[in-house]
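Colleague: I have a structure here, written as structure tokens, and I will follow up with some questions on it.
The values are calculated or read from the model by the stated rules, or taken from the named source; none is laboratory data. Keep in mind the model is a prediction, meaning the values are calculated, not measured. FYI the Cβ positions are ideal-geometry reconstructions off the backbone, even for glycines, and counts take in every protein chain you see.
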Amino acid sequence: MSSRQSGFTLIEVMVALLLLSIMSLLSWRALDAMVRTREALAQRGHQFDGVRTLFAQWENDCRELGPPDRWVAGVPVNFQDNRVDLIRTRADNNGVRHVVLVSYRWRDGWVERLESPPLQGRAELFQNWGALRKGASLDALYTVTSVPLMGQSTGIAARGFLEGSDWSADSAQINAQWLTPGQTGNPLLLGLELTVGAPSGGAPLREVCLTGQS
């Protein structure tokens, strides 16, 4: 009697291992692509949420600049490099409106917002608004904490649209034009624009807010 042994040859084993390696590599690449896509979508989602929060707050601040007949310190906007200062009103729990100072600034890739406590009178307004226009920061004038609104940005810029004029990023020029009344009185500040630089050379993000003055 004779016995016959069956099994795989060395070449067959090597071919099987090669196929298994190829399938493992393809599976790993597919899984890695899925993980990267999920991370990119999550990152874009967080960035979109930041943009929406920033522009919603900007819209709210622009509409609370107050009527022009109460602009005792001039036009309530101040444009600087990577910073915008505003004078706005805010109602307390009793419905009484108070004047506050607001700053938007860019720092370390983040757009931050700061707000002062209610001002106690014109003297405080003139003193601290003048300090802001000279370059002082709001958190140096008051004990306030900045609120980060949007990350992954490369800077901010702003400009205003004055009635009878054009868009301008020169707040001193806007203020001088406003202080020169025409036949119908002081020109109105009709709109403000905030521009946020996008990372990786993307198109900048812009939000135009109408002040509601008419």
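Colleague: Could you identify the single residue in Ser116, Ser103 that is surrounded by 18 or more Cβ atoms within 10 Å (Cβ to Cβ) and farther than 23 Å from Asp170 by Cα?
Modeller: None of the others qualify; the one that does is Ser116.
Colleague: Here is a check on your reading of the model: is Trp106 touching a Leu at 6+ places or on another chain (Cβ under 9 Å), of a type in the set (Phe, Trp, Tyr) and modelled with pLDDT of 90 or more?
Modeller: No; evaluated as a whole, the condition is false for this residue.
Colleague: Residues in segment 85-105: is at least one touching a helix residue (DSSP H, G or I) at 6+ places or on another chain (Cβ under 8 Å) and acidic (Asp, Glu)?
Modeller: Yes, there is a match, as at least one residue in segment 85-105 is touching a helix residue (DSSP H, G or I) at 6+ places or on another chain (Cβ under 8 Å) and acidic (Asp, Glu).
Colleague: Let me spell it out: the conditions are (1) more than 30 Å from Tyr104 (Cβ to Cβ); (2) modelled with pLDDT of 65 or more; (3) under 46 Å from the mean Cα position of the chain (by Cα), and Thr37 meets all of them except one. Which number is the exception?
Modeller: (2)
Colleague: Sticking with this one: Which of the numbered conditions does Val111 fail, given that it passes all the others? Conditions: (1) over 15 Å from Ala73 (Cα atoms); (2) β-branched (Val, Ile, Thr); (3) out of contact with any strand residue (DSSP E or B) (no Cβ under 8 Å at 6 or more places or on another chain).
Modeller: (3)
Colleague: Additional query: Exactly one of these conditions fails for Asp85: (1) closer than 30 Å to Ser103 by Cβ; (2) at pLDDT below 75; (3) of a type in the set (D, E, K, R). Give me its number.
Modeller: It fails just one condition, (2).
Colleague: Within segment 84-134, track down each residue that is small (Gly, Ala, Ser), in a strand (DSSP E or B) and more than 18 Å from the chain's Cα centre (by Cα).
Modeller: Ala91
Colleague: In addition: Which one of these is touching a residue at least 60 places away in the same chain (Cβ under 8 Å) and out of contact with any Lys or Arg (no Cβ under 9 Å at 6 or more places or on another chain): Ala176, Ala157, Ala169? It would help to see each step written out before you state the result.
Modeller: Values: Ala176 fails: touching a residue at least 60 places away in the same chain (Cβ under 8 Å); Ala169 fails: out of contact with any Lys or Arg (no Cβ under 9 Å at 6 or more places or on another chain).
None of the other options fit; the residue is Ala157.
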